[in-house]
1. If all Cα-Cα distances of the range 20-229 are sorted into 10 Å bins from 0 onward, what percent lands in each bin, rounded to whole numbers?
2. Can you compute the modelled spin-label distance between R190 and E146, with each label point 7 Å from Cα toward Cβ, in nm?
3. For the pair C154 and D177, how long in nm is the line joining their label points, each one 7 Å along Cα→Cβ?
4. Using a 10 Å Cβ count of at most 10 others and DSSP loop calls, identify the longest part of the chain lacking such GluC sites (Glu not before Pro).
5. Could you give the dipole magnitude of the range 20-229 about its Cα centre, charging the beta-carbon of Lys and Arg +1 and that of Asp and Glu -1, in debye to the nearest 20?
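Just so it is clear, none of the values below were taken in a lab; they were calculated from the coordinates. Just so you know, these numbers come straight off a predicted model, no measurement behind them. No Cβ is skipped: glycine too gets one built from the backbone with ideal geometry, and neighbour counts run over all protein chains shown.
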Amino acid sequence: MTTLEFLNPSALTSRPNQPLRITAFGDSLIYGYGDPLNGGWVESLRRHWMGADSGHILYNLGVRGDTAAQVNQRLEQEFLLRGELRNKLPDLIILSVGVNDSPRVGKQTGKNITDRDRFSLEIANLLDKAQSLCPVLFIGMVPVNEAKMPFLKCLHFNHEDQFRYKNVTKLACQVRDIPYLDVFELWQERGEDWIGDRLCEDGLHPNTEGYRALYQDIYNWQPLKQLEYVRF
């Protein structure tokens with residue numbers, strides 16, 4: 001059964017009428033770093049659901065700087081602590097991770113923090129573990145501003161590596177029937193100037209306008225949009 005089939009309201013007639021309990025795991029894109037006004041797209045979605053008829057409960061479990069391996073290490077324990085009502089488990093995991101695996105260290109030709117073969121294994125392990133717990137959605141990374149690199153004077157993020165790492169993730173999601181939102185491609189289609197206006201001065205994190213755009217992209221994505229009409 002795919003994630004979408006699992007979330008189909010017609011398949012849930014035997015479940016009590018409860019809002020979904022959703023966990024969002026990942027790095028600073030989940031945490032919302034760079035948006036002091038609204039707290040990022042996860043916080044915007046949490047506020048929206050809190051005031052909507054669905055009343056879904058959303059936990060932000062983003063940690064700045066986390067790699068796929070680091071999210072994998074903490075995923076199950078943190079997931080199991082957020083069952084809430086009558087000790088039941090959460091109903092859905094949203095993942096967004098991978099950008100912190102991609103930068104080259106020290107110089108533009110340096111080694112990636114996580115080499116691509118290792119990253120493929122880490123992503124596969126992460127997705128398999130997450131999917132063993134509940135249905136999963138994956139939000140891809142945003143493109144960086146290469147002109148602002150290196151980040152923290154030592155991390156060289158670039159579009160070429162981002163493209164490779166997001167494709168590894170996208171393929172891993174496809175073979176597992178995990179819906180994947182390709183934010184990298186979506187934003188690149190809008191042009192460098194558009195992207196530059198929506199990133200912080202560090203060239204890596206979205207600013208308030210960037211998170212506002214990201215929230216709209218995610219909110220209008222069909223696998224996420226359908227959650228408006230699902231109650232367990």
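1. Per 10 Å bin, starting at zero, the Cα-Cα P(r) for the range 20-229 comes out as 9, 36, 38, 15, 2, 0 percent.
2. Those two pseudo-labels are separated by 2.0 nm.
3. Placing both labels 7 Å beyond Cα along the Cβ direction yields 4.5 nm.
4. The longest uninterrupted stretch comes out as 1-188.
5. 500 debye
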